[in-house]
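Read the structure below first, then the notes.
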Amino acid sequence: MSAVAMPMAAMGVTVLVAVLRNATPIIFAALGGLISDLAGSINVALEGLMLIAAFFGVIVSVHAAQWFPGLAPWMLPWLGCLAGLAMALVLAAVLALFHLELGADLIVAGIAINLLAAGLTVFLLVAIVGDKGSTAGLNSPSLPSLRMPGLAGLPLLDLLFNGEDGRGQHVLIYAALAGVAAVALFLSRTRWGTWIRAVGENRDAALAAGIPVKRMQYTALLLSGLLAGLGGIYLSMGYLTLFQANMTAGRGFLALAAIFLGRRRPAGTFAAAVLFGATASMAAWLGARHIDTQLVYMLPPLVTIAALVVAGARRRRS
Amino acid sequence: MSAAPPVAVEPSRGSAERLRLPLALAAALLAGFCITALVSREPLRAYLTLLTGALPEIDWSASGGWQVRRLVRFGSVIEDFITLSFLGLALAVPFRARQFSLGADGQMFLAALAACAVSLALGGPWYRVLPAAAGAAMLTGFAWGLIPGLLKVRYQANEIVTTLMLNLVAVQFYQWIITGYLRDRGAGYLVTPALPAAALWPNLMPHTHVTLMLLLVPAAAAAVQLLLARTTLGYEIRAVGAAPAFARQAGMPVTRAVTLSMALGGVFAGLAGLHLSNALLQRLPVDLTPGLGYDGLVVALLARSEPKSVPLAAFFYAWLRTGALAMERSTDVSREMVLVIEALIILFIVADRLVPPGLPKALRRLWHRSGAGAEAA
């Protein structure tokens, strides 16, 4: 490799990693939203589900040390992660219960869940931490990063897998990439995945074919809660190591848009989420070069709208 | 994909319906109390402040005679009431056509910006600058509401996604213009210059920002009521909302009703923006909090999209929000409690089967029996 190509390639790798870091929370939430969307239940509550998981992940991993003094320190963040996921599942279950048992409109109920999460997290933040903005004073842990050994001779791969500081990439970034494959396999190769898609395609036909429709709808909504929860955990225990009020900042809605943009397929949804991650990275990059960040932050929503228009125009022509 | 029709936003009557609203409110307030009790040392006092904090205090003393205190706080109820009424109407109009347009937030931001910019640029006497600002705000709201409508009928673009995206764009645009072009260099923070006095609505209550715009609220509600009940367009909007297939079969201009319902909703979001810039804030800060549009959603749902009921729902909600501020100041419970209550109210209102179908009948029987018993005694 020439002397010029090497730094260029290194920069490319650094950019790629930065994009993936920004995309990871959106990938998780979008995968969750995709599953429930394919089951015919649009989940507008992704934002709130992420937020609640992010909050409880931090709070429980900090307080677990007092509750279980015998626990090894490396287990604390994992305990927090579990607690955050559990809370996201509970909230998703509330949404499913209100929609499927009490006949609540899914979209309105989803917006209510977002409000509930936004209010409850700040309310509990004040009650537990005594701060309205963030848990910055708590010194909360992060989930570990994974280090690939034996890459010392391959500088580019070493940079890709272990980063500039050599500490490796966050475990949830790997999990997000694995999640894309897992969700794609789940939807196309497993019986439940097929059933979920059948329910979304035609509820009555699925019912007539003997598919347990309601159980599939519950499964889809709970899975979306779990995946969105992972996205939230990454935000507060990876991307940052603290909880901030409203730290999801619209990522749940971007995830919703990524599903539409990706034409409701796992690979497309992943690509759209990475695109949004790239715009976020670009905003940071342009912001450092005195280009108004507001203009850059308009890009993801505008791209989404443009993509919906293109998809609609194509549908009309065919 | 098509969005699920918002079942619960249709006005409907019946005994189960009539019971649902008070039951939902009671259940939400009760659940909120339970959560408060978990974290607060004085939940009862906190809740009492939440419910009565907005009340003006009237007391009598021999020296001073009758005195009304805390009027400023009541003034903030009215200020909130005005904004929330317009936002409630902004969501109620598209809801009646079963369009889940959530773009009120973005429409309001851009309308406030337009009203502010026009007021600053035009100047002059009030009879020139005020109508111009109002026109700019309403037109901006209309245009920003028209976009998702057109995208929906032309390209079947889901209006929830497009309006949420347009909200993000609008907020960034608002911040960009204020940071870059409308900034008052003399101020210590990012804010537009103060609007000229001629551009402000005449004040009605001293020490508050309650202005003549208050009178626009009943006028706006009546206008929506008239539009829906008495005009062809209103009939088409309602027909499209109630039975889209029928409306299409009957040859109604469905696409026109869909687009115009969203755009007309935007006009009222525009009025909310006008209230923010030319009455309430009088200069626009860059960090105006997004999310007011969701409060408008609660109002529209509480009012069941019935324009007559929107002001009532807005007043109730404004009352609760002001009480929450009082609660935060005087107890250990933060005002975000209201967000939780708001969410619970929405959940309980849209839960169709929350009231068991047999309950109204049983209650009526109980009522008659006790009434009959009282007469016999």
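The values are calculated or read from the model by the stated rules, or taken from the named source; none is laboratory data. Just so we're clear, the structure is a prediction, and the values are computed from it rather than from any experiment. Here Cβ is always computed from backbone atoms with ideal geometry, including for glycine, and neighbour counts include all displayed protein chains.
Residue-wise test of (1) crowded, with 18+ Cβ neighbours inside 10 Å; (2) modelled with pLDDT under 95; (3) at positive phi.
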residue	(1), (2), (3)
A:7	no, yes, no
A:15	no, yes, no
A:44	yes, yes, no
A:55	yes, no, no
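Taking only region A:94-106 into account, find how many residues are closer than 14 Å to residue B:343 by Cβ and in a helix (DSSP H, G or I). Selection size over region A:94-106: 3.
Please state which one of A:275, A:254, A:299, A:207 is of a type in the set (A, V, I, L, M), more than 29 Å from residue A:125 (Cα to Cα) and within 13 Å of chain B (Cβ to nearest Cβ). Going through A:275, A:254, A:299, A:207 in turn, the sole match is A:299.
Within region B:333-361, if we keep just the residues that are at the interface with chain A (Cβ under 8 Å from one of its Cβ atoms) and more than 16 Å from residue B:31 (Cβ to Cβ), the residue that is modelled with the lowest pLDDT turns out to be B:353.
Among the residues of this structure, residue A:129 counts as one that is over 15 Å from residue A:48 (Cβ atoms), surrounded by fewer than 23 Cβ atoms within 10 Å (Cβ to Cβ) and either within 8 Å of chain B (Cβ to nearest Cβ) or among the hydrophobic types (A, V, I, L, M, F, W, C) (or both). Could you list, in sequence order, the residues of region A:279-296 that are more than 9 Å from chain B (Cβ to nearest Cβ) and either among the polar types (S, T, N, Q) or assigned to a loop (DSSP other than H, G, I, E, B) (or both)? Of everything in region A:279-296, those that are more than 9 Å from chain B (Cβ to nearest Cβ) and either among the polar types (S, T, N, Q) or assigned to a loop (DSSP other than H, G, I, E, B) (or both) turn out to be A:279, A:281, A:288, A:289, A:290, A:291. Restricting A:237, A:247 to those that are in a loop (DSSP other than H, G, I, E, B), hydrophobic (A, V, I, L, M, F, W, C) and either over 15 Å from the mean Cα position of the chain (by Cα) or more than 14 Å from chain B (Cβ to nearest Cβ) (or both) reduces the list to A:247. If the requirement is being of a type in the set (A, V, I, L, M) and surrounded by fewer than 18 Cβ atoms within 10 Å (Cβ to Cβ), which of these qualifies: A:178, A:220? The unique qualifying residue is A:178.
Every residue in region A:263-272 that is crowded, with 21+ Cβ neighbours inside 10 Å and within 13 Å of another protein chain (Cβ to nearest Cβ), please.
Answer for region A:263-272, where residues must be crowded, with 21+ Cβ neighbours inside 10 Å and within 13 Å of another protein chain (Cβ to nearest Cβ): just A:272.
Of the residues making up region A:302-318, those that are free of Cβ contacts under 8 Å to residues at least 24 places away in the same chain and more than 9 Å from chain B (Cβ to nearest Cβ) are A:306, A:314, A:317, A:318. Scan region A:102-123 residue by residue and report those that are over 15 Å from residue B:295 (Cα atoms) and within 7 Å of chain B (Cβ to nearest Cβ). Of everything in region A:102-123, those that are over 15 Å from residue B:295 (Cα atoms) and within 7 Å of chain B (Cβ to nearest Cβ) turn out to be A:102, A:103, A:104, A:105, A:106, A:107, A:120, A:122, A:123.
Suppose we filter region A:36-72 for residues that are in a helix (DSSP H, G or I) and within 14 Å of chain B (Cβ to nearest Cβ); how many remain?
At the first step, the residues of region A:36-72 found to be in a helix (DSSP H, G or I) are A:36-38, A:46-67.
If we keep only those that are within 14 Å of chain B (Cβ to nearest Cβ) too, we end up with A:36-38, A:46-49, A:51-52, A:55, A:59.
Total satisfying the criteria: 11.
Do we find that residue A:224 is assigned to a helix (DSSP H, G or I), in the same structural domain as residue A:116 (by TED's automatic domain parsing) and over 17 Å from residue A:35 (Cα atoms) in this structure? Spelling it out, it is not the case that residue A:224 is assigned to a helix (DSSP H, G or I), in the same structural domain as residue A:116 (by TED's automatic domain parsing) and over 17 Å from residue A:35 (Cα atoms). Do the conditions hold for residue A:51, that is, is it outside the structural domain of residue A:272 (by TED's automatic domain parsing), within 22 Å of residue A:184 (Cα to Cα), at pLDDT 90 or above and out of contact with any Phe, Trp or Tyr (no Cβ under 7 Å at 6 or more places or on another chain)? Considered against the rule, which asks whether it is outside the structural domain of residue A:272 (by TED's automatic domain parsing), within 22 Å of residue A:184 (Cα to Cα), at pLDDT 90 or above and out of contact with any Phe, Trp or Tyr (no Cβ under 7 Å at 6 or more places or on another chain), residue A:51 comes out as no.
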